[in-house]
Each structure stands twice: as structure tokens, then as C-alpha cells.
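The values are calculated or read from the model by the stated rules, or taken from the named source; none is laboratory data. Keep in mind that this is a model prediction, so the values were computed, not measured. When we count neighbours, we look across all protein chains shown, and the Cβ atoms used for this are built from the backbone with ideal geometry, even at glycine. Accessible surface is based on the protein model in full, side chains and every heavy atom, while ligands, DNA and RNA are left aside. Shrake-Rupley method; radii C 1.70, N 1.55, O 1.52, S 1.80 Å.
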Amino acid sequence: MNEEKASPDMSKPVHLLAFGFGSGLLPKAPGTYGTLVGVPLYLLLQPLSLSLYILFVLLAFLAGLWICQRTSEDLGVHDHSGIVWDEIVGYLVGMTFAPSGWLWIVIGFMLFRLFDILKPWPIIWIDHRVEGGLGIMLDDLLAGLYTAGAVFLLNLTGWFS
């Protein structure tokens, strides 16, 4: 099915989540809007201990396997551009070791978008070869891991202190 003709049913909770509470329906750059949805979620989760934060992100990733798979099947389109649950979770992964403060929220956001758009190896390989919910989620998980590593190193070097 053509992506332009595939439209989600936002009354279905799975579609609402997959499309980032509607952010994935915004025209132009839905992945960026979806990542923006991750920011307030990150702020809500920031007070958690590291272990609880990681557990939440892990559960969100595992739920995303089903959310993205189901929505793709419903729409008949693999990795519809409006499916942004993967960006939300990827951003949360990227912020795992981020220090507090808006500067780090912005740095994490920019780095995640950069890695998600450029898709350095092996992200590009996974993006082209892994299908279904796992394929949708896995490339953004890796972009999030790249982001987490970069944020950790930037913080370690004290560049933005």
C-alpha cells in the first residue's frame, strides 16, 4: 500500500502511541517532531534512579516491537514515516547518561537526530535489512546508543561544563 494512502486510526491506542500522540502526523520531518515528544517524557523520567530509568526504556523498547509491527501491519506500510515511537525510545536511550539541564537535553536531541538521519554503520545496514517491528525499533536503538556514548564522552571531557 502507498504510504500517502495509509492513514492511522488515532482512536486505536496502538496507532496513537506509534504516531507519537499525533506528532508523526505533522507535515515535514515527523521523526523530529516525534523526538520532541521524547523531551517531556525524558523530563518526567529524569528523577528516576538509573536502574529504573533503564528498566522503563527497556520496557518501552519491547512494547515498541509490538506497537510498530502492529501499526505497520494495520497500515500495510513497512516503517511508515509517521511511526515515531522508535524516535521517542531512541531519544530516551540517548539521554541515559546525560547530566541534568536544558543544554544537555538540546545536545542529546541534536545528536540523536544527527545519528538517526545520517545512519552511520551499522545503522544503515540494519535499516535496509531488518524488517518488521524489530527493524523499525533497532536502527533508532542504535542511534540512541551512539547518542548516549557521545553525550557520555562530551560530559567526560567537560566541553559543556
Filter segment 83-106 for residues that are open to solvent by 60 Å² or more (accessible area, probe 1.4 Å) and free of Cβ contacts under 8 Å to residues at least 40 places away in the same chain; which is nearest to SER72 (Cα to Cα)? VAL106
Can you find a residue in segment 107-116 that is part of a helix (DSSP H, G or I), more than 30 Å from PRO13 (Cβ to Cβ) and free of Cβ contacts under 8 Å to residues at least 24 places away in the same chain? yes
LEU59 fails exactly one of the following numbered conditions: (1) out of contact with any Leu (no Cβ under 8 Å at 6 or more places or on another chain); (2) in contact (Cβ under 8 Å) with a residue 40 or more places away in the chain; (3) open to solvent by 20 Å² or more (accessible area, probe 1.4 Å); (4) not in a loop (DSSP other than H, G, I, E, B). What is the number of that condition? (2)
Run TYR146 past the list (1) closer than 21 Å to GLY64 by Cβ; (2) open to solvent by 90 Å² or more (accessible area, probe 1.4 Å) and report the number of the one that doesn't hold. (2)
Would segment 108-123 turn up any residue that is over 24 Å from LYS28 (Cβ atoms) and modelled with pLDDT under 95? yes
Of all residues in segment 2-41 being part of a loop (DSSP other than H, G, I, E, B) and in contact with a helix residue (DSSP H, G or I) (Cβ under 7 Å, 6 or more places away or on another chain), which is surrounded by the fewest Cβ atoms within 10 Å (Cβ to Cβ)? ASP9
Looking at TRP85, TRP104, can you tell me which residue is in contact with a Cys (Cβ under 7 Å, 6 or more places away or on another chain) and at pLDDT 95 or above? TRP85
Sole residue being within 21 Å of ILE54 (Cα to Cα) and surrounded by fewer than 23 Cβ atoms within 10 Å (Cβ to Cβ), chosen from ARG113, ARG129: ARG113
As an exercise: evaluate SER51 against (1) hydroxyl-bearing (Ser, Thr, Tyr); (2) assigned to a helix (DSSP H, G or I); (3) crowded, with 16+ Cβ neighbours inside 10 Å and give the number of the one condition it does not meet. (3)
